[in-house]
Amino acid sequence: MREQLNSSSSERSDAIASSSQGEEVSYARRVRDYYDASASGYVRFLGHTFQAGTIDTGLAEGAPPDYYRANNLYMAARAGLAPGQRILDAGCGVAGPAIDIATAIPGLQIDGVTLSPVQAKLARGFISAAGLEERVRVQLADYHRLPFPNGTFDAVVFFESSGYSPYPERLLREMWRVTRPGGRLYVKDVFRLDRTLSVEEQAELDEFNQIFVHHTRPLAALAAAAEAAGYSELETTCLDSVITTRFMEEAMVGDREHPALTPFGERHFRPFKVLPITFGELRARRLLTE
Ligand SMILES: C[S@@+](CC[C@H](N)C(=O)[O-])C[C@H]1O[C@@H](n2cnc3c(N)ncnc32)[C@H](O)[C@@H]1O
């Protein structure tokens, strides 16, 4: 791990230096440091897909790797991804979803960005092991300032990654810029319940945000930011009825027959009682003509 951190240090500074000053830099560093420190724990206890909520595609008793693959392909279908397209995976983790999706959809090319050098290095190893170097690339970049020209992508996807942004309007303007006219936006994420919270709910949400370095907001707030950024045909969907958090729970506290806090759980688990979160999805399109 130390070697990975050292070997990536110049790339790391570049990604952060591309952010603007002050608060923004400190936020980007916190996300980078959190994921640099926790990436190997995520891989060990969750696998190659870093998502708290997994689409329950009817494989509930299946092995977790297949289960995540089914989750990732479900999201690819909801995002309208198709053969031959070029996709931006904004906040790509260690590229588990990108690998599953590129393996399943012929000719699809995916560019992933992450703030974490440790994730990027792990991702490149997994991509190479899958023989996908020609079609899946990962680079260090802040998704608020992307190193891609206007209109590069047919679609931009966020799989539990948009909630890290403290600046959703700026984020979605940047996504709109790099999406070709007619292209799509797809977001699946954890959101805050869209109502006044009790003191206890707010306290639990604050602690959740602290643990995961997150900015949990209502889905409607993200949709409003997308609309302000220029997106059309907005559609929001609550996913709670098709989501399971079983694998995240098992990664933290073991399975029901062998309950025990894992090292991943020691860092992330809290016995929340009223945590006011929900899973949801935003789909939108950049119109062909503006
Ligand atoms: C919960 S992980 C999800 C990873 C991946 N989408 C998956 O499903 O496995 C959140 C990801 O968002 C990335 N992220 C957060 N803020 C970012 C930013 N400003 N720029 C680029 N990536 C960011 C993190 O580095 C991490 O890879």
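A few points about this structure:
- Total charge dipole magnitude, the chain, about the Cα centre, Cβ charges on Lys, Arg, Asp, Glu only, Debye to nearest 20: 620
- Within segment 73-205, the percentage of alpha carbon pairs spaced more than 27 angstrom apart rounds to 21%.
- Cα pair distances exceeding 16 angstrom across segment 236-290, given as percent: 60
- Using a probe of 1.4 Å, the accessible surface attributed to D66 totals some 100 Å² when neighbouring protein chains are kept in position.
- Percent of alpha-carbon pairs separated by more than 25 Å within segment 26-141: 20
- Each residue of segment 239-246 was assigned a 3J(HN,Hα) from its phi angle through the Karplus expression (A = 6.51, B = -1.76, C = 1.60, θ = phi - 60°), giving 9, 4, 6, 10, 10, 10, 9, 4 Hz with x at Gly and Pro.
- Histogram of C-alpha separations across segment 164-283, 10 Å bin width, %: 12, 36, 32, 16, 4, 0
- In the chain, the portion of solvent-accessible area held by carbon and sulfur atoms comes to 51 percent [1.4 Å probe, whole percent, DNA, RNA and ligands not counted].
- For the chain, the residue among S165, Y27, A82 whose Cα projects farthest onto the positive side of the dipole built from Cβ charges is A82.
- Helical runs assigned H by DSSP (4 residues or longer) give the chain a calculated mean residue ellipticity at 222 nm of -13000 deg cm²/dmol, each run adding -39500 (n - 2.57) before division by the residue total.
- Which of S162, S232 is most accessible, then next, and so on - probe 1.4 Å: S232, S162
- The spacing between segment 79-121 and segment 182-202, judged by their C-alpha centroids, is 23 Å.
- Note on surface exposure: E227, E204 rank E227, E204 by accessible area, highest first, 1.4 Å probe.
- Solvent exposure of the chain as accessible area per residue, Å², 1.4 Å probe: 44
- Top of Q51, Q202, Q139 by mean-square fluctuation, Gaussian network on the chain, Cα under 10 Å: Q202
- Its Cα gyration tensor gives the chain an equivalent ellipsoid. The semi-axes, each the square root of 5 times an eigenvalue, are 26, 23, 21 Å from largest down.
- Cα gyration tensor category, rounded, prolate or oblate, for segment 78-135 with a/c compared to 1.5: oblate
The values are calculated or read from the model by the stated rules, or taken from the named source; none is laboratory data. Values in this document were obtained by computation on a predicted structure and should not be read as measured data. Ideal geometry is used to build each Cβ from the backbone, glycine not excepted, and the neighbour counts take in all protein chains shown. Heads up: the accessible areas ignore ligands, DNA and RNA and are worked out on the full protein's heavy atoms, side chains in. Shrake-Rupley method; radii C 1.70, N 1.55, O 1.52, S 1.80 Å.
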